[in-house]
1. Relative to the compact globular guide of 2.2 N^0.38 Å, what is the alpha carbon radius of gyration of the stretch 86-129, as a ratio?
2. Compute, for residue 23, the solvent-accessible surface of its heavy atoms (probe 1.4 Å) with the complete set of protein chains present, and express it in square angstrom to the nearest 10.
3. Provide, in order from the shortest bin, the percent of all Cα-Cα pairs of the chain in each 5 Å bin, continuing until the bin that contains the maximum pair distance.
4. Could you pull the accessible area for residue 29 with a 1.4 Å probe, rounded to 10 Å²?
5. Could you compute how much accessible surface residue 57 exposes when probed at 1.4 Å, giving the result in Å² to the nearest 10?
6. Once the piece of chain linking residue 110 and residue 60 is laid out straight, how much longer is it, given 0.36 nm per residue of separation minus the C-alpha distance between them?
7. Net charge within 13 Å of residue 24 by Cβ-Cβ distance, Lys/Arg positive one each and Asp/Glu negative one each, not counting residue 24 itself?
8. Averaging over every viewing direction, what projected area does the convex hull of the Cα atoms of the stretch 9-87 cover, in nm²?
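The values are calculated or read from the model by the stated rules, or taken from the named source; none is laboratory data. Please read these numbers as outputs of a predicted model, since none were measured by experiment. Note that each Cβ is placed from the backbone with ideal geometry, even for glycine, and that neighbours are counted across all protein chains shown. Ligands, DNA and RNA are stripped out before the accessible areas are found, and what is left, the full protein with its side chains, is counted by its heavy atoms. Shrake-Rupley method; radii C 1.70, N 1.55, O 1.52, S 1.80 Å.
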Amino acid sequence: MDKIDKIVDTACYVGNISLKDFKSRSRERHIVDIKRMTYSIVRETLNIPFTKMAKHFKVNHATIIHHCKLNRELLETDSYYYKKYTTIYELVKSDLNLVDVKELTNLIQRLNTNKLIKSKLNQQLTKFYNNEEIITKRESTETS
């Protein structure tokens with residue numbers, strides 16, 4: 001089973017539609033939404049050209065382009081659509097062992113920031129304890 005078929009199966013499962021429904025020419029909203037999400041996820045995760053996707057799904061490449069554009073608009077305006085898309089996208093990423101570069105970059109930046117904070121804290125603690133030792137030595141010499 002290739003990666004596109006895995007994405008289609010995941011989308012059908014989350015969208016609660018059959019593969020037969022997905023391949024049909026139905027215009028029911030929930031079926032069309034799943035197709036739209038699938039096209040967008042395939043394009044985003046696998047970076048396949050529109051014409052190759054169109055051949056695989058047996059549709060015109062303009063259909064794929066239209067659905068990808070509409071998907072971006074719906075993600076911004078429809079919270080239910082966004083949640084369903086995100087669910088499918090996260091499942092696909094985990095199923096295909098994909099790593100999002102932006103997420104990885106953010107994680108690395110957070111780790112570096114944490115290292116920097118930890119280093120600064122260690123420096124401050126070292127200074128604090130060194131000053132305390134000096135104070136303790138002064139007090140002991142003054143009391144003697």
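1. 1.89
2. 150
3. Calculated over all Cα pairs of the chain, the distribution is 2, 8, 14, 15, 14, 7, 5, 4, 4, 4, 4, 4, 3, 3, 3, 2, 2, 1, 0, 0 percent.
4. Looks like 130 Å² after rounding.
5. That residue has around 30 Å² of solvent-accessible surface.
6. Result for the pair: 13.7 nm of gain on full extension.
7. Value of the local net charge: +4.
8. Details: hull surface 19.1 nm².
So the mean shadow area of the Cα hull is 4.8 nm².
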